[in-house]
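**Q** Next up is a structure, given as structure tokens.
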Amino acid sequence: MIPLRSTERIYSRSVTTLAIIMLNVVIFLFQATLNPYALNVFVEQWGLIPDAVSGHLYTLLTSMFLHGGWLHLIGNMWFFWVFGRGVEDLIGSGRFLGFYLACGLAAAVVQVITSPYSRVPTIGASGAIAGVMGAYLIKFPRARIVTLVPIFVFITTMEFPAWAMLLWWFAIQLFSGFGSLAETDYTGGGVAWFAHVGGFIAGMLLIRLFPGRRRWGAWYEE
């Protein structure tokens, strides 16, 4: 299932959401200019390597702005656009930036804790975006998400309550994360499932520190 849009009304411009998307795109375009060797060096320098994070704490932040391919980038940025605008509209552009970065840092820390000996660079914005999705679950549970759904050989759109779709997404990340614990190869690639889980839970908790603001004569639900 691919979310297309939310029915929740947006009252302000999504300045921070757009800026973060543009920054991720620019960095990825720079990555695309590098030859394979230079790209590997770049990712190893700025990506999060749990086994070496103690001497490179800055990678807890920088890793969330790198991506491994076009599909990785587009998928992350699309989910961020669908859910990020509502959260930004709720708490304001400046505070949304702080919230986004805090969720990304929390996701990175959880990934390090659950895979402390991994020597594979972890990259991508999905941990921070998972935090935005967790916040969306808390603040807009009754919103409807228009979703692209494949049914056998057909593709159609359906509306799902935000709480149902987001909890389903979280359950997939959680069960996949526990399944990955059986893996003992610390040199192969994969998905940082627990970064998603950690970011989502962090977003659910941290959003309570960012009260909603008054917009167009109506108070957002706290």
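**Q** Just the accessible area per residue of the range 83-194, please: how many Å² with a 1.4 Å probe?
**A** Here the per-residue accessible area is 47 Å².
**Q** Provide the gained length on full extension for the span His72 to Ser180, in nm with one decimal, where the gain is 0.36 nm per separating residue minus the Cα-Cα distance.
**A** Net length gain for the segment: 36.9 nm.
**Q** Contact order normalised by length for the chain, with contacts defined as Cα pairs under 8 Å and 6 or more residues apart; what percent is it?
**A** For the chain, the relative contact order is 27 percent.
**Q** Another question about this same structure. I'd like the orientation of helix 15-32 relative to the chain: the angle between its Cα long axis and the longest Cα principal axis, in ° from 0 to 90, rounded to 10.
**A** Taking the Cα atoms of the chain, the angle to 15-32 is about 30 degrees.
**Q** Between helix 162-180 and the chain, what is the angle of the helix's C-alpha long axis to the longest principal axis, kept within 0 to 90° and rounded to the nearest 10?
**A** Around 20 degrees separate the two axes.
**Q** Right, next: Out of the total accessible area of the chain (probe 1.4 Å, heavy atoms of protein only), what percent is carbon and sulfur? Show your work: numbers first, answer last.
**A** Numbers: 7990 of 11750 Å².
Within the chain, the accessible surface is 68 percent carbon and sulfur.
**Q** Using a 10 Å cut-off on Cβ atoms, rank the peptides 158-165, 90-97, 29-36, 103-110 from the highest mean neighbour count down.
**A** Top to bottom by mean Cβ count within 10 Å: 103-110, 90-97, 158-165, 29-36.
**Q** Taking only the C-alpha atoms, wrap a convex hull around the range 41-136 and report its volume per residue in Å³ as a whole number.
**A** Hull volume over Cα atoms, normalised by residue count, gives 90 Å³.
**Q** I need the Debye-formula profile for the range 103-175: one equal scatterer per C-alpha, no solvent, reported as log10 I(q)/I(0) at q = 0.18, 0.26, 0.27 1/Å, two decimals.
**A** Debye output, listed in q order: -0.84, -1.19, -1.23.
**Q** Starting from the Cα-Cα distance between Ala171 and Val15, subtract it from 0.36 nm times their residue separation and give me the gain in nm to one decimal.
**A** Numbers: separation 156, 0.36 × 156 = 56.16 nm, distance 3.08 nm.
Result: 53.1 nm gained on full extension.
The values are calculated or read from the model by the stated rules, or taken from the named source; none is laboratory data. On a predicted model such as this, the values are computed, not experimentally measured, just so you know. Ideal geometry is used to build each Cβ from the backbone, glycine not excepted, and the neighbour counts take in all protein chains shown. SASA here: full protein model, heavy atoms, side chains in, ligands and nucleic acids out. Shrake-Rupley method; radii C 1.70, N 1.55, O 1.52, S 1.80 Å.
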